[in-house]
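Throughout, read-outs are computed from the coordinates displayed, never taken from laboratory work. These figures come from a predicted structure and were not determined experimentally. Reconstructed Cβ throughout: ideal geometry from the backbone, glycine too, with neighbour counts over all protein chains shown.
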Amino acid sequence: MVRIKPSTIWQASKLNRFLPFLLPECRSIHAARQELRWIQDESNDDYQVWKRCKLRYRHYPLQYILGSQPFESLNIKCKPGVLIPRWETEEWATDLAHRLPKNRQIHVLDLCTGTGCIPLLIKHIRPDAVVKAVDCSPLATGLAYWNSKSLGISIQVIQGDILEHNSTVKPQKVDLITCNPPYISQSTFVKETSRSVKLFEPKLALIGCFEFYADLIDHQISRAEAFVYEVGELSQCEYVCRRIVEDPILSKVWRVGFRLDANSKPRVVYGYRRVAITLDWPRIFEEFGELKN
Ligand SMILES: C[S@@+](CC[C@H](N)C(=O)[O-])C[C@H]1O[C@@H](n2cnc3c(N)ncnc32)[C@H](O)[C@@H]1O
């Protein structure tokens, strides 16, 4: 990472004594001023501002300091131990929610829900949807429940490990499965993840490889009509596609595609049944991404 020039630190201190504390995370005076404004708006006095700026100097995430993160029109509560919602997720989740039909009791299951940002947004945009959210972390399910109550958006929150399958319990059928699983490989985490994320966000929410995509094909897909899974890299999209294309039954039943984010990075792998039973999935997913099968 490029070091901050002493002249930039000096210039920042001339503008405001708190700004130099924010430079290591914000990297520019412009971004530091914006962040200082947010901190000042939500602090009681200069002493609290100073304490918060010192936390930022130690790379503590702003969302844990202020206690929330905007996610489209929702203010999602955040707390340590639960992943902070990202703009990349907000982007596809917002588009997806608006594509779902209005006034329909569509059943949505969000796996790896964290704060509950995805299911809460879907339910907010499509109030007739019946939405369930699952996470294995009690901190996450507690926060998702709290978010649901404080926003007045009713979703069912369940604690459970989605990779553990009880062969005696038949999984419930749903229309749509959404999931933003942990997808950063151990080596990428060590080499490329920012200090703030590495030090303060939960590894349980971040580190993963192909296990959640394998679980999608082996267990989740059979109970759904459509799925949307966030990915961290192209190989995860390709893995899901390959598993579908190379399976003689799945390839006949499923269409599958990728979607890029605003930075042109692969961000989502999605699929839907060719013969729609309840909903017009080809129409819902029209130009959502690029179909590969
Ligand atoms: C990348 S975070 C996504 C959080 C949220 N959906 C979002 O987009 O901000 C992944 C979440 O998966 C949960 N998780 C990890 N392993 C899991 C498992 N085996 N079963 C259920 N949830 C799991 C973590 O606790 C974490 O909340």
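Projecting each Cα onto the charge dipole of the chain (Lys/Arg +1, Asp/Glu -1 at the beta carbon, about the Cα centre), which of Trp50, Leu66, Val228 comes out farthest on the positive side?
Trp50
Checking the cross-link filter: which lysines have an alpha carbon closer than 21 Å to that of Lys198, excluding same-chain neighbours under 8 positions apart?
Straight-distance partners of Lys198: Lys54, Lys77, Lys79.
For the chain, with a Gaussian network of springs between Cα atoms less than 10 Å apart, report the residue from Gly257, Gly232, Gly152 with the top mean-square fluctuation.
Top of the fluctuation ranking is Gly152.
Can you give the charge dipole size of the chain about its Cα centre, rounded to the nearest 20 debye, using +1 on the beta carbon of Lys and Arg and -1 on the beta carbon of Asp and Glu?
Magnitude of the dipole: close to 760 debye.
Which one, Asp41, Asp110, Asp135, has the greatest fluctuation when you compute a Gaussian network model over the chain with C-alpha springs under 10 angstrom?
Among Asp41, Asp110, Asp135, the largest GNM mean-square fluctuation belongs to Asp41.
Measure nothing but the geometry: give the 0 to 90° angle between the long axis through the Cα atoms of 234-245 and the longest principal axis through the Cα atoms of the chain, rounded to 10°.
Taking Cα atoms only, the helix is inclined about 10 degrees.
What angle do you read, to the nearest 10 degrees and between 0 and 90, between the alpha-carbon axis of helix 138-151 and the longest principal axis of the chain?
Compared with the principal axis, the helix lies near 90 degrees.
Along the positive direction of the dipole of the chain (beta-carbon charges: Lys, Arg +1; Asp, Glu -1; about the Cα centre), which of Leu291, Ala97, Gln11 reaches farthest?
Gln11
Each residue of the stretch 31-36 in order: what ³J(HN,Hα) in whole Hz does its phi give by Karplus 6.51 cos²θ - 1.76 cosθ + 1.60, θ = phi - 60°, with x for Gly and Pro?
5, 5, 5, 4, 5, 4
Given the Cα atoms of the chain, and with Rh set as the inverse mean 1/r over their pairs in the Kirkwood sense, what is Rg to Rh to two decimals?
That ratio equals 1.01.
Mind checking which of Arg195, Arg267, Arg17 has the largest fluctuation in a GNM of the chain, springs on alpha carbons under 10 Å?
Checking each option, the largest mean-square fluctuation is seen for Arg17.
May I ask you to sort Tyr183, Tyr145, Tyr47 by Cβ crowding, counting other Cβ atoms within 10 Å and putting the fewest first?
Starting with the residue having the fewest Cβ neighbours, the order is Tyr47, Tyr145, Tyr183.
To the nearest 20 debye, what charge dipole does the stretch 6-58 have about its Cα centre, counting +1 at the Cβ of each Lys and Arg and -1 at the Cβ of each Asp and Glu?
220 debye
I'd like the antiparallel share, as a percent to the nearest 5, of DSSP beta bridges with both residues in the chain.
DSSP beta bridges in the chain are roughly 50 percent antiparallel.
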